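In what follows, a structure is listed as structure tokens, so that the remarks can point back to it.
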Amino acid sequence: MAPGFISGNTFAKTSKKRIALVGTGIRGITFWGNRVVREYGDVVEFVGLCDINPGRVEFGKKYIGVSCPTFTNFEEMMARTKPDMLIVTTVDATHHQFVIKGLEMGADVLTEKPMTTDEMKCKGILEAEKRTGKKVIVGFNYRYGILPTRVKELLVENRVGKITSVDFHWYLNTYHGASYFRRWHGERDKGGTLLVHKATHHFDLLNWWLDSDPVEVNAYGALEFYGSNNSFRGEKCRNCGYVDKCKFYYDITKDKTYMDLYVANEKYDGYIRDNCLWREDVDIYDKMAVQIKYANDVTVSYSLTTYSPYEGWRIAFNGVNGRIDSWEDIPWFNKSKIEQSKLHAKEMDQSDSKEREDYEQIMVADNFGDYEEIKVEKARGGHGGGDSRLQDKIFKDPNAADPLKHAAGSRDGAMSILIGIAARTSIEQKRPVKIEELCDIKPMPNRG
Ligand SMILES: NC(=O)c1ccc[n+]([C@@H]2O[C@H](COP(=O)([O-])OP(=O)(O)OC[C@H]3O[C@@H](n4cnc5c(N)ncnc54)[C@H](O)[C@@H]3O)[C@@H](O)[C@H]2O)c1
């Protein structure tokens, strides 16, 4: 038996879409694994799973509930299973290897965000897509959320006239924000900094809402809270000597799935899921401020905060005839008491509980006029309802009409990360950075 092949023998062809997945971490086995089997099992089937960690891929197979073969060697999986579609859910900085090879080996590729982490890898993906004629889809779930979609409709309707500037601020709380600093996301060479890993969602929303391309970026950022900023640090939360003293103590032993997925398989690759967020090798920014100029002359002021007491965001579109304001989860706006420690788990929840909590708000104020309050249904689970709509489009009805252009391809994937990469470069080189310095794509005022 070849060394990269682990187990399973189902190679028989059926009429269902044949899917292979690389990266059986939490996103791979839940959203792109278990949920896909549960919701779309009549039209898709898994033909292969791959991960560098042999224990994690075996657990993933059980968790997803499939009988397909498992591999630790990616090319072997592709050659033996010949999937129609490859799903890439590995560590961000490795996405490009699998996207490019996957296209070259004959599959369409659906990659998790961020598409990749630097401009050379981005170029490689765009070239491979062109060369092979195969297609890249980027899993931008936020676009499909109920609230972002309503905002997009108002912008398409030109409700407050031409938009001239945008204020956009995103707050990660001391649970969700901290989680990035415990894992590989805290290291620049793995996640490209949160300007790429996390803000790719937000920059993609901006590009889509404004229907224009970014041309220039200026940014500031620093690491002032996590990493080496604390006076003490341990090796990992389990058995740490500072459990009583550390407000960020995280008890992974209470989560059976995490124990089975990560802790049980540490022995293979040393991936410590409850790593110390005060460790010295954290080298990303924990506060970020970015200004973006668009080809249609819109200017954006964006910020990302990672140690906020509450999780949420607010945005305002300033138009020549008025202003559109919206926000999510700012506690005193809705006079609600939100349990911050549970918020992120609810956002990631794929149980499709259909849990609905009152409504979201959009305020439209007219210059010299009154304001209109627009109430939007609130969906807490699956990233504001975006997760399920994204998967319906990909698996259930790929040819469905898409009047608001929710579907995202490689150009969208590129344009969103290029803002983050330009912001990173701007911080390092202390100067504004043009998108055209990083990529051949010509920014368009109106993407049409
Ligand atoms: N769209 C969203 O809302 C959303 C949410 C969560 C995660 N994600 C994305 O999903 C991806 C995975 O995130 P996660 O939280 O599941 O991380 P994770 O650390 O749980 O999983 C990553 C997996 O990739 C595997 N891996 C790493 N390098 C590999 C390689 N060279 N070959 C094969 N396998 C390799 C690891 O062993 C691990 O099992 C990331 O790109 C992340 O940005 C997106």
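The values are calculated or read from the model by the stated rules, or taken from the named source; none is laboratory data. For clarity, every value in this text was computed on a predicted model and none was experimentally measured. Counting neighbours? That spans all protein chains shown, and the Cβs are built from the backbone with ideal geometry, glycine included. All accessible areas refer to the heavy atoms of the entire protein, side chains included, with ligands and DNA or RNA removed. Shrake-Rupley method; radii C 1.70, N 1.55, O 1.52, S 1.80 Å.
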- Evaluate the Kirkwood expression for the hydrodynamic radius of the stretch 373-448, namely the inverse of the mean inverse distance over all pairs of different C-alpha atoms, and round to one decimal in Å. 15.6
- Task: May I ask for the percentage of alpha-carbon pairs in the chain that lie more than 43 Å from each other?
- Result: 11
- Task: Express the accessible area of the chain per residue in Å², computed with a 1.4 Å probe while the remaining protein chains stay in the model.
- Result: 42
- For a quick protection proxy, order the peptides 254-261, 197-204, 314-321, 185-192 by their average other-Cβ count within 10 Å, most packed first. 197-204, 185-192, 314-321, 254-261
- How big, on average over all directions, is the shadow cast by the Cα convex hull of the stretch 104-213, in nm²? 9.1
- Kirkwood Rh over alpha-carbon pairs of the stretch 37-83 plugged into Stokes-Einstein at 37 °C, 0.692 mPa s gives a D in µm²/s of 297
- Task: Leaving ligands, DNA and RNA out of it, report the carbon-plus-sulfur percent of the accessible area of the stretch 196-335 at a 1.4 Å probe.
- Result: 49
- What is the pair-distance distribution P(r) of the stretch 101-167, computed from all Cα-Cα distances in 5 Å bins starting at 0, with each bin given as a whole percent? 3, 14, 17, 16, 11, 12, 15, 9, 3, 0
- How many angstrom separate the Cα center of the stretch 289-320 from the Cα center of the stretch 390-427? 18
- Residues with amide H under 5 Å of Thr164's amide H, sequence separation 5 or more or different chain, H placed in the peptide plane at 1.01 Å from N; which? Asn318, Gly319, Val320
- Query: How big is Rg to Rh over the stretch 36-136, alpha-carbon atoms, Rh as the Kirkwood inverse-mean-distance radius?
  - Reply: 0.97
- Pop out the carbon and sulfur fraction of the accessible area of the stretch 32-183 as a percent, whole number, probe 1.4 Å. 52
- Computed over the stretch 260-333, the Cα gyration tensor eigenvalues, each multiplied by 5 and square-rooted, give semi-axes in Å (largest first) of 38, 17, 12
